[in-house]
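Here's the structure we're looking at; comments come further down.
Throughout, read-outs are computed from the coordinates displayed, never taken from laboratory work. Predicted model, so just to flag it, every value in this text is computed and none were measured. Glycine gets a Cβ as well: all are built from the backbone with ideal geometry, and neighbour counts include every protein chain shown.
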Amino acid sequence: MNIEITQEMIWLGVGFLGQALFSARFIVQWIKSEKEKKSVFPVAFWYFSISGGVTLLVYAIYRQDPVFILGQASGLFIYFRNLYFVFNEKRTESIE
């Protein structure tokens, strides 16, 4: 096996890993919502969003796909912002 094929397989693995992490967020959200019998976004949802988004952004940069890069980069801003809101809300609740 030559180096280019091996390197390409590694990058495909990175892409699939990113997609798996990104998809796992829906499973986590679904399980939590079923337990609470209402739509809920647990903190793990945002962690999976960020980890999957970062991994997919790295893969998109490797692929040099500007559409994919823009989509993942803008999504990451939203995921980090939502995580900030979660922690800010918990901090505010602990102060009260």
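Worth a mention:
- Local electrostatic count, Gly18, Cβ distance below 15 Å [Lys/Arg +1, Asp/Glu -1]: +1
- Cβ-defined net charge surrounding Gln72, 12 Å radius [Lys, Arg +1; Asp, Glu -1]: 0
- Approximate spin-label separation Ala73-Phe85, in nm, with each point projected 7 Å along Cα-to-Cβ: 2.4 nm
- Taking trypsin sites (Lys or Arg not before Pro) in DSSP loop states with no more than 14 other Cβ atoms inside 10 Å as exposed sites, the chain has its longest site-free stretch at 39-96.
- Cα pair count fraction exceeding 16 Å, expressed as % - the chain: 63 percent
- ³J(HN,Hα) computed for each position of region 11-22 - Karplus, 6.51 cos²θ - 1.76 cosθ + 1.60, integer Hz, glycine/proline x: 5, 5, x, 4, x, 5, 4, x, 5, 5, 5, 5
- The long axis of helix 66-95 is offset from the longest Cα principal axis of the chain by roughly 30 degrees.
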